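Notes to accompany the following structure.
Where a number appears in this text, it was derived from the coordinates with a stated rule and is not lab data. As the structure is a prediction and not an experimental result, all values here were calculated from the model. Glycine gets a Cβ as well: all are built from the backbone with ideal geometry, and neighbour counts include every protein chain shown.
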Amino acid sequence: MLLYGPPGTGKTFVVRALAHESSAAFFPIKGAELLDKFVGESERGVREVFARARAAAPAILFFDELDALAPVRGRSTTSVTDSVVAALLTEMDGVAERGDVAVIGATNRRDLIDPALLRAGRFEVHVELGLPQVDARRALLGLSDVPFAADVDLDELARRADGLSFADLAGMLREAALTVLREGKSELIVDWPELDGALGRYGRS
């Protein structure tokens, strides 16, 4: 399965929650961290993480930033990523036969991933996680522990935050609260001036 969509839309959170609920062993791998400048090291790293997952099965092997690890072959200035893609293809075909290791990828740019990895038996199921709609933004605001002023209408705030991801929303609230602290106010109460300023810094108003 491949989760794709803009940054901050909860792709990693979804996979961690899935691993927790399933009680499967969880192996999170950052794509960029697995790459190595020495030819052969990255391929060995791929083989090792799959071996660890098989040994701990049932397991979930999660490749975050998959586009960094497995870009379209032939576009890189080195052969390292091409070799990594080849290793991934071999290992994924092996786990598909066993069925006890789930391999999940996440990316902000599905178009950059080598097409061979997106075919049947590999990352064939694609799930888009887009930016949250107004109801989802309102729900997150309602769960926040930020102390809002009495005149702050969370429905209106959710509407104004159109286009923000969950991560952006959390950052915006944090920025608004920090503004109150920097101003040295006697109470940590977040009002519209702080929220408007934070929204402006996140590209919305």
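Only residues in region 110-136 that are free of Cβ contacts under 8 Å to residues at least 60 places away in the same chain count as the first member; pair them with residues that are among the basic types (Lys, Arg), Cβ under 7 angstrom, at least 6 apart or cross-chain, and list the lot.
Cβ pairs passing all conditions: Asp114/Arg73; Val134/Arg159.
If you check Thr90, Thr107, which single one turns out to be closer than 12 Å to Gly31 by Cβ and of a type in the set (S, T, N, Q)?
Testing whether each residue is closer than 12 Å to Gly31 by Cβ and of a type in the set (S, T, N, Q) leaves just Thr107.
Quick one: count up the residues across region 60-86 that are closer than 18 Å to Leu2 by Cβ, out of contact with any Leu (no Cβ under 8 Å at 6 or more places or on another chain) and surrounded by fewer than 22 Cβ atoms within 10 Å (Cβ to Cβ).
Restricting attention to region 60-86, the residues satisfying the condition of being closer than 18 Å to Leu2 by Cβ are 60-73, 81, 84-85.
Add one more test, that the residue is out of contact with any Leu (no Cβ under 8 Å at 6 or more places or on another chain), and what stays is 61-62, 64-65, 73.
After this cut, where a residue has to be surrounded by fewer than 22 Cβ atoms within 10 Å (Cβ to Cβ) as well, the list is 64-65, 73.
Qualifying residue count, region 60-86: 3.
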